[in-house]
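Novice: The structure that follows is given in the form of structure tokens.
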Amino acid sequence: MQRPEAWPRPHPGEGAAAAQAGGPAPPARAGEPVGLRLQEPSLYTVKAVFILDNDGHRLLAKYYDDTFPSLKEQMAFEKNVFSKTSRTDSEIAFFGGMTIVYKSSIDLFLYVVGSSHENELMLMCVLTCLFESLNHVLRKNVEKHWLLENMDGAFLVLDEIVDGGVILESDPQQVIQKVNFRADDSSLTEQSVAQVLQSAKEQIKWSLLK
């Protein structure tokens, strides 16, 4: 029995190079069945993360590519997403060629956005990690008032989970440990600056007394 001929493989990096250059992926080769060419894998899973209040107003947002390059386009997108998701019980939506997972908490709506071919389970892991981490930082008060009071901590949490669209961490415990370490390091830096200023003041005082 004759062995079936193997489908020709693309040269390593061929599709990725085209994607990075902004051009189309290489065309299917003759004899290659439609549907067997898979989407080139990418580390850049997340397009955007944003948190809105229950009126659809932005509280926190980060965009990781140029799908919506201007603030006006971002705000219009967020408004459309909110109008289509704020009154539904679902946790996933497909809108404008994108996959969106979301979660509500009291007077907040948390959203994670990926491309249309993105695995929604990966996006949901990011969303769950974000919510659980904020739940810890905000002492189980994931609501607008406490988020606004702790916005620096919220941005630290997000930066530990996603960087440039790449998922760095999906374990809330690891995120909290890293955020606490960065906060401690920041407080030590502030303390060191205060000590330097105090030392300078003492030196000036003694130099004036001489």
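Novice: Subtracting the Cα-Cα distance from 0.36 nm times the residue separation, let me have the gained length for ASP159 to ILE106 in nm, one decimal. Show your work: numbers first, answer last.
Specialist: Working: separation 53, 0.36 × 53 = 19.08 nm, distance 2.36 nm.
The ASP159-ILE106 span can extend by a further 16.7 nm.
Novice: Could I ask something else about it? What are the ³J(HN,Hα) values, in whole Hz, obtained from phi via the Karplus relation 6.51 cos²θ - 1.76 cosθ + 1.60 with θ = phi - 60°, for each residue of segment 132-147 in sequence order, with x given for Gly and Pro?
Specialist: 5, 5, 5, 4, 6, 4, 8, 6, 6, 10, 7, 8, 4, 4, 6, 5
Novice: Now, a different point. Counting only protein chains, not ligands or nucleic acids, how are ARG58, ARG182, ARG139 ordered by accessible area (probe 1.4 Å), most first?
Specialist: ARG139, ARG182, ARG58
Novice: Only sites in a loop by DSSP and with at most 16 other Cβ atoms within 10 Å count here; which GluC sites (Glu not before Pro) in segment 47-148 make the cut?
Specialist: Details: sites: GLU73, GLU78, GLU91, GLU118, GLU120, GLU132, GLU143; in loops: GLU91, GLU118, GLU143.
Sparse-neighbourhood loop GluC sites (Glu not before Pro): GLU91, GLU143.
Novice: Residues of segment 46-180: accessible area per residue at 1.4 Å, in Å²?
Specialist: Using a 1.4 Å probe on heavy atoms only, each residue of segment 46-180 averages 51 Å².
Novice: Here is a follow-up. Treating only the Cβ of Lys, Arg, Asp and Glu as charged (+1, +1, -1, -1), what charge dipole size does segment 47-187 show about its Cα centre? Round to the nearest 20 debye.
Specialist: Numbers: 13 positive and 22 negative charges, 74 e Å.
Dipole of segment 47-187, to the nearest 20 debye: 360 debye.
Novice: Suppose R0 equals 25 Å; then what is the FRET efficiency for TYR44 and GLN174 from their Cβ-Cβ distance, rounded to the nearest 0.05?
Specialist: For R0 = 25 Å, the calculated efficiency reads 0.75.
Novice: Tell me the carbon and sulfur percent of the accessible area for segment 46-180, rounded to whole percent, probe radius 1.4 Å.
Specialist: For segment 46-180, the apolar C and S fraction of the accessible surface comes to 49 percent.
Novice: If you build the Cα gyration tensor of segment 46-180 and take the root of 5 times each eigenvalue, what three semi-axes come out, in whole angstrom, biggest first?
Specialist: After scaling each eigenvalue by five and taking roots: 21, 17, 14 Å.
The values are calculated or read from the model by the stated rules, or taken from the named source; none is laboratory data. This structure is a prediction, so every number in the text was calculated from the model and none was measured. No Cβ is skipped: glycine too gets one built from the backbone with ideal geometry, and neighbour counts run over all protein chains shown. Accessible surface is based on the protein model in full, side chains and every heavy atom, while ligands, DNA and RNA are left aside. Shrake-Rupley method; radii C 1.70, N 1.55, O 1.52, S 1.80 Å.
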